[in-house]
Amino acid sequence: MGEGEVKVIGKWSSPYVMRVKIALRIKSIEHEHFEETLNPKSDLLLKSNPVYARVPVLIHHGKPISESLIIVEYIDETWSNNNSPSILPSDPYDRAIARFWATYIDEKWFPSMKSIITVETEEEREPYYKVMEEVVERVEEAFGKCSKGKPFFGGDSVGFLDIAFGSFLGWLHVTESLYGRKVLVEAKAPSLVKWAERFAHDPAVKGLIPDHDKLLEISKPLQIKWRALAAVGKKY
């Protein structure tokens, strides 16, 4: 592979960027990383993703691809013949189910976790905790069906749905530290608790989950930023 053939515009703290990094590692693809400051946004990001102007962006042979799950699928399809494991299931039905749950997680999980950090009182946080607890309950059930008794959603190795859900574990631990309330608990989701431990220590993932203390450090300025944006949203 030629130098600079694969580039990633990302942010170290982003769970969505982590998805791309895991997929590239699974496929043993070397890449050049461009750390995005976001304030102000770089010309490279604005040029590569003019519609949303957000990370991650994968640039392959000079062509940009945006949105994390789309990028993961692109990586899986592009490097399907390099003797590396498949990320998406080979069966069309299993592939559709994995996509369904990945979309469900994106629509329900991180928005609720972000809202928990954004709002100011326990009373305001409660409905978002309820959403997250519902997600855990449903995904616990999905794990049993998708894994078919194997260690990961994807079977014997980390796959599409593992990447989609596991990328949020770092930020989940931050919310637990901030507010002293666990969502992923063995009493309610024994399979997911064991899965999360396996996921974090898998060679495809190890070292890619952002450092807990560093995430905790940036959670306060993010909270201020998100509250300000929420206040503007309410105003208009």
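Worth pointing out:
- Computed with every protein chain present, the accessible area of residue 74 is close to 70 Å² [probe 1.4 Å].
- Area accessible to solvent at residue 220, 1.4 Å probe radius, in Å²: 110
- Linear extension gain, residue 43 paired with residue 126, 0.36 nm per residue minus alpha-carbon span: 25.9 nm
- About the centre of its Cα atoms, the range 83-236 shows a dipole size close to 320 debye [charges on the beta carbon of Lys, Arg (+1) and Asp, Glu (-1) only; nearest 20 debye].
- Pairs exceeding a 29 Å alpha-carbon distance, out of 21/148; 11/220; 7/188; 27/150: 7/188.
- Accessible area per residue for the chain is 54 Å², calculated with a 1.4 Å probe on protein heavy atoms, without ligands, DNA or RNA.
- The chain - share of DSSP beta bridges that are antiparallel (%, nearest 5): 70
The values are calculated or read from the model by the stated rules, or taken from the named source; none is laboratory data. Note that the structure is predicted; figures quoted are calculated from it, not measured. Here the Cβ is made from the backbone with ideal geometry for all residues, glycine too, and neighbour counts use every protein chain on show. Note: accessible area is taken over every heavy atom of the protein model, side chains too, but ligands, DNA and RNA are not part of it. Shrake-Rupley method; radii C 1.70, N 1.55, O 1.52, S 1.80 Å.
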